[in-house]
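Bear in mind that the values in this text are calculations on the coordinates, not laboratory data. As the structure is a prediction and not an experimental result, all values here were calculated from the model. Cβ coordinates were reconstructed from backbone atoms using ideal geometry, including for glycine residues, and neighbour counts include every protein chain displayed.
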Amino acid sequence: MTDAFDDQTLAVRARQIDEWLGSARTAHRRIEAVEHPEGDPLRWVVRMRGEEKEFTTVWMWLGQRTLRYETYVMPAPEAEAAAVHEAVLRRNDALVGAHFSIGAEDAIYLRGALPVGSLSAAELDRILGTLYALVERHFRALVRLGFPRLADR
């Protein structure tokens with residue numbers, strides 16, 4: 001089990017994350033916004049402009065042991081739900097740092113977690129890059145499979 005960090009240490013880590021995300025926003029043109037939802041200093045929303053999917057929004061939560069992160073990939077499939085679920089499960093086999101999951105209302109998400117002690121600017125960059133790349137790589141194929149009526153648009 002990873003170590004639990006106290007409130008003071010988490011506050012220091014949160015400030016570091018703010019700085020790292022601020023630097024990332026400056027360095028990466030695809031990052032459009034970095035915010036704290038509802039003013040919570042231990043949560044972040046990072047909005048990135050995509051090509052295959054117009055926007056990829058990553059939510060992050062800092063807890064005593066882990067930084068959890070996720071992005072919404074697509075709504076519950078209208079058709080071929082079993083095939084979509086099989087496709088994401090098969091893709092999970094090759095993924096590192098994130099995994100597809102079925103969330104609220106059967107929507108498809110990418111999720112992951114990192115021990116607080118492993119946090120660094122490089123790890124945050126890897127998290128954002130991984131989620132962005134996976135959405136860009138798989139979004140269109142998953143939408144075609146789960147929403148065939150939209151395939152011709």
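The calculated FRET efficiency for THR57 paired with ALA4, based on their beta-carbon distance and R0 = 41 Å, is about 0.90. Is the C-alpha gyration tensor of the range 79-139 telling us rounded, prolate or oblate? Criteria: a/c under 1.5 is rounded; beyond that, a/b larger than b/c is prolate, otherwise oblate. Prolate shape, in that a/c is at least 1.5 and a/b is the bigger ratio.
Computed from phi, the 3J(HN,Hα) profile of the range 119-127 under the Karplus parametrisation 6.51, -1.76, 1.60 (θ = phi - 60°) reads 5, 7, 4, 5, 5, 5, 4, 5, 4 Hz, with x in place of Gly and Pro.
Charged neighbours of ALA11, selected by a Cβ distance under 14 Å, balance to -2 (K, R count +1; D, E count -1).
Net charge in the neighbourhood of VAL84 (other residues with Cβ under 12 Å of its Cβ; Lys, Arg +1, Asp, Glu -1) is -1. A helix-only calculation puts the chain at -13000 deg cm²/dmol for mean residue ellipticity at 222 nm, using -39500 (n - 2.57) for each DSSP H run of at least four residues, averaged over all residues. Under the rule a/c < 1.5 gives rounded, and otherwise a/b versus b/c splits prolate from oblate, where does the range 1-91 land using the Cα gyration tensor? Oblate, because a/c is 1.5 or more while a/b does not exceed b/c. Per-residue extension of 0.36 nm, minus the Cα-Cα distance of LEU150 and HIS36, leaves a gain of 37.6 nm for this segment. The long axis of helix 81-92 is offset from the longest Cα principal axis of the chain by roughly 50 degrees.
Using the Cα centre of the chain as origin and beta-carbon charges of +1 (Lys, Arg) and -1 (Asp, Glu), tell me which of ALA76, VAL143, PHE100 is placed farthest towards the positive end of the dipole. After comparing all options, I get VAL143.
Note on the range 1-143: with charges restricted to the Cβ of Lys and Arg (+1) and Asp and Glu (-1), its dipole about the Cα centre is near 400 debye.
Hull volume per residue, based on the alpha-carbon atoms of the chain and their convex hull, is 121 Å³. Database remark: amide H of GLU32 closer than 5 angstrom to the amide H of ARG47, MET48, ARG49 (H placed geometrically; neighbours at sequence offset of 5 or more, or on other chains; Pro and chain starts carry no H).
Rounded to the nearest 10 degrees, the angle from helix 7-27 to the longest Cα principal axis of the chain is 60 degrees.
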